[in-house]
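Notes follow the structure.
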Number of protein chains: 2
Amino acid sequence: MKNQLATVKETLLMGPGPSSVHPTVYQALAKPTIGHLDPAFIAIMDEIKEFLQQLMQTGNRLTVPISGTGSAGMETCFVNLVEPGDDVLVLINGVFGMRMADVAGRLGANVDTLEFEWGTPVVPARVKEKLNEKTYALIAVVHAETSTGVCNPIDEVAELVKETSSLFLVDTVTSLGGIPVTVDAWQADAVYSGTQKCLSCPPGLAPISFSDKAVEKTMNRRNKVPNWYLDLTMIVNYWEGNTRAYHHTAPINMLYGIYESLYCVLSEGLDNVYSRHQKAHLALVEALESLGFEMLVAPEFRLPMLNSVKIPEGIDEAKIRMQLLQEHQIEIGAGLGPLAGKIWRIGVMGHTARMENIEQFTNALKSCL
Amino acid sequence: MKNQLATVKETLLMGPGPSSVHPTVYQALAKPTIGHLDPAFIAIMDEIKEFLQQLMQTGNRLTVPISGTGSAGMETCFVNLVEPGDDVLVLINGVFGMRMADVAGRLGANVDTLEFEWGTPVVPARVKEKLNEKTYALIAVVHAETSTGVCNPIDEVAELVKETSSLFLVDTVTSLGGIPVTVDAWQADAVYSGTQKCLSCPPGLAPISFSDKAVEKTMNRRNKVPNWYLDLTMIVNYWEGNTRAYHHTAPINMLYGIYESLYCVLSEGLDNVYSRHQKAHLALVEALESLGFEMLVAPEFRLPMLNSVKIPEGIDEAKIRMQLLQEHQIEIGAGLGPLAGKIWRIGVMGHTARMENIEQFTNALKSCL
């Protein structure tokens, strides 16, 4: 019987995620599994919460990793905070804004959307107009739109939402660990993220953080959360307090992984981590432009960790991606939705965000062109 | 900065799960992360499906691991198969039957329950009466009740359900890989399981299998599945077909883990695996009885992989559990619900189910008494 895992090759992951994993995170994943109620494990859980609070710059007590990938984080936020009939506003300028509207709609929310051209940011002035028209139970926006490489102006949107009674939900899947995520400064009520972007950890967990206001809304719902697995009113009893109540069996080894990845990020120091991303991003853009490529997003709105580059006429983009993967063991990402076939998405996330990787990629790309 | 992971000690996991992990599964978890659309990864996914089909004894095409722990598998089955107003019957003789009723109720089902004393099995004659009274959209039962150690007579219940039009849903979280799970013979329409019991893999994934009838129900719902993350109508497009459509980023390294664990089980051979569990179980029961302990469940209904033993008068059960963990690095489980404080739950699952472990545990227990 052939074991397919023998064919797995070390790959430089420069797509939209997963990104390359830190060597000590691999070691963490392979540590001995212990029980989910073992005091040694509870101590690890407690520190994961503290690490996440530091990284998210928040004092929110309910700051925990959810047992699923980033999209499970999105689902968790909406299913706990939204009740049927709630008015929800979703700001959309890419796939993940669209996904939020879909998630909220399935839960019975009345979803209004405000759409912006893909590759451009959310425009606060238009948000302001919309907020003057109607009161929303919840306003949702993506910080780092992974489908386009745009950084949305969360600071400015936050200032507008602060003047309302609305809950403020921010997707930080791709931003967390690559650019500052300042939950308390934003007065964000709920954020979610993933492990497989700037945290240098494989996909599998979704860190979330809920403000007191969000917790209060969750605890005072008219009906039970219509999702047992992601019901935070029960999950908190496993993550908090003196007697930890079993809810579902925690994904032990993935939690070792996120522990180690947060440990690495905080040991390096947040400022160092952010500037490493920025430096790698600028080097990548310079290399791409020197090869004649044009970036999709205007410089002032570019994310460092997700670089969308336009495909010049006459280039078979899928062929080059396949060539990069098969001949150079480098993965980059394709465009999604209206940008399919028109852009590549080149990730510079977490352990990938190092100058040697930019050089390796640039040389490989040159040889493919 | 102290790294808490350095405190993790190899532990013999003899609780209700997680169980001890196979050494090559740890190695698999630490293999290089590759992209979720990498052809090498798609090949691994395809083989995971085939392995699961063999283990579950089914030809069901939709047989995949869900990106969450066992309870996410439960949630997936109910949220895809149940619509508001559907009549659902749940057979309950422990925590996990209760959980199914809770999950179904949150989704708007009209839930009837049929309850049996904890520690005893579901009684087919009573199920038959109930099915004569009313027609159900779905009937749900737990194969191996982890909270009590009872094996429910799924063969007999299956024969009754076959005479109805109902969908038949079976929880195989603790049974899969320890005793035969025969999905097609049962004509089960949906089963779910977990990795952390008899598969010798850490918690984090939930294998499920849907029959054609269940797929048809899912694809013809009146409304979208009210859970984006677990919506099988989209998830199948990532797991099947020539063009794999991105849904959520798959938990790559956990999928390496389940690949390896299934590879181990199938390489050893199902009959060998089952008899290894049975042998370890009988040795454990003999050892416990020779020490004067009494089993909770009658011999003919005992699960090999989950052994409930009554706590004799005058024994401080929590103290002994703590002593086993701290002095011997052996974890056993406490009772749940009405059985809290009254039983221990001793797991003999997966890589734990080996004679040397029974001996190690027996010696440790003797020294604690």
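Observations on the model:
- Restriction of the GluC sites (Glu not before Pro) in segment B:153-196 to DSSP coil positions whose beta-carbon has at most 11 other beta-carbons within 10 angstrom yields B:Glu163.
- Ranked list, fewest to most other Cβ atoms within 10 Å of each Cβ, for A:His328, A:His22: A:His328, A:His22
- Among residues other than A:Leu336 with Cβ under 12 Å from its Cβ, the summed charge is +2 (Lys and Arg +1, Asp and Glu -1).
- Compactness relative to 2.2 N^0.38 Å, alpha carbon Rg of segment B:128-214: 1.11
- Label point 7 Å beyond Cα along the C-beta direction, distances from B:Lys128 to other copies (nm, shortest first): 7.5
- Helix-only mean residue ellipticity at 222 nm for chain A, each DSSP H run of n ≥ 4 adding -39500 (n - 2.57), per residue, nearest 500: -12500 deg cm²/dmol
- Loop-located GluC sites (Glu not before Pro) in segment B:1-69 whose Cβ has at most 16 other Cβ within 10 Å (DSSP): B:Glu10
- Alpha-carbon centroid distance for the pair segment A:139-159 / segment A:1-70, whole angstrom: 25 Å
- For B:Leu270, label point 7 Å along C-beta direction: distances to other copies, nm: 5.3
- Neighbouring Cβ atoms from other chains, within 10 Å of the Cβ of residues in A:66-74, number 6 on average.
- Per residue, the convex hull volume that the Cα atoms of the protein assembly as shown enclose (Å³): 143 Å³
- The other copies place their A:Asp184 label points at 6.0 nm from this one, listed shortest first, where each point is 7 Å from Cα along Cα→Cβ.
- Amide H to amide H distances under 5 Å link B:Asn110 with B:Gly85, B:Asp86, B:Asp87, B:Val88, where only residues 5 or more positions off or on other chains count and H is placed in the peptide plane.
- Partner aspartates and glutamates for A:Lys342 [C-alpha distance under 13 Å; skip if fewer than 8 residues away on the same chain]: A:Glu294, A:Glu313, A:Asp316, A:Glu317
- Which of A:Met74, B:Met1, A:Met45 has the fewest Cβ neighbours within 10 Å, and the rest in rising order: B:Met1, A:Met45, A:Met74
- Counting neighbouring Cβ atoms within 10 Å and putting the fewest first, the residues B:Thr76, B:Thr11, B:Thr233 line up as B:Thr233, B:Thr11, B:Thr76.
- Calculated translational diffusion coefficient of segment A:1-156 (37 °C, 0.692 mPa s; Stokes-Einstein with Kirkwood radius over alpha-carbon pairs) equals 174 µm²/s.
- The phi torsions of segment B:338-352, fed into the Karplus equation with coefficients 6.51, -1.76 and 1.60 and a -60° offset, translate into couplings of x, 9, 4, x, 9, 9, 9, 10, 10, x, 10, 10, x, 5, 6 Hz, rounded to whole numbers, with Gly and Pro shown as x.
- Quotient of Cα Rg and 2.2 N^0.38 Å for segment A:24-266, N being how many residues it contains: 0.98
- Taking θ as phi - 60° and the Karplus parameters 6.51, -1.76 and 1.60, the scalar couplings of segment A:203-208 work out to x, x, 10, 10, x, 10 Hz in sequence order, x denoting glycine and proline.
- Here the Karplus curve 6.51 cos²θ - 1.76 cosθ + 1.60, taken at θ = phi - 60°, turns the phi angles of segment B:98-105 into couplings of 4, 4, 4, 5, 5, 4, 5, x Hz, with x standing for Gly and Pro.
- Relative contact order of segment B:212-369, defined on C-alpha pairs under 8 angstrom at six or more residues apart (%): 19 percent
- Estimated D of segment B:168-233 in µm² per second, where Rh is the Kirkwood radius over Cα pairs and Stokes-Einstein applies at 4 °C, 1.567 mPa s: 99 µm²/s
- Using a cut-off of 24 Å between Cα atoms, the listed pairs A:Lys130/A:Lys197; A:Lys31/B:Lys197; A:Lys130/A:Lys310; B:Lys279/B:Lys310; A:Lys128/A:Lys310 include A:Lys130/A:Lys197; A:Lys130/A:Lys310; A:Lys128/A:Lys310 as exceeding that distance.
- A DSSP coil position with no more than 16 other Cβ atoms inside 10 Å describes the following trypsin sites (Lys or Arg not before Pro) in segment B:85-186: B:Lys134.
- Dmax and Rg, reported as Rg then Dmax, of segment B:262-369 (C-alpha, Å): 14.2, 46
- When you restrict to C-alpha pairs under 8 Å that are six or more residues apart and normalise by the size of segment A:24-266, the relative contact order lands at 28 percent.
- Relative contact order, whole percent, for segment A:94-171 stands at 36, derived from Cα pairs under 8 Å and 6 or more residues apart.
A short reminder: the numbers here are calculations on the coordinates, not readings from a lab. Model, not experiment: these values are computed from the prediction. Reconstructed Cβ throughout: ideal geometry from the backbone, glycine too, with neighbour counts over all protein chains shown.
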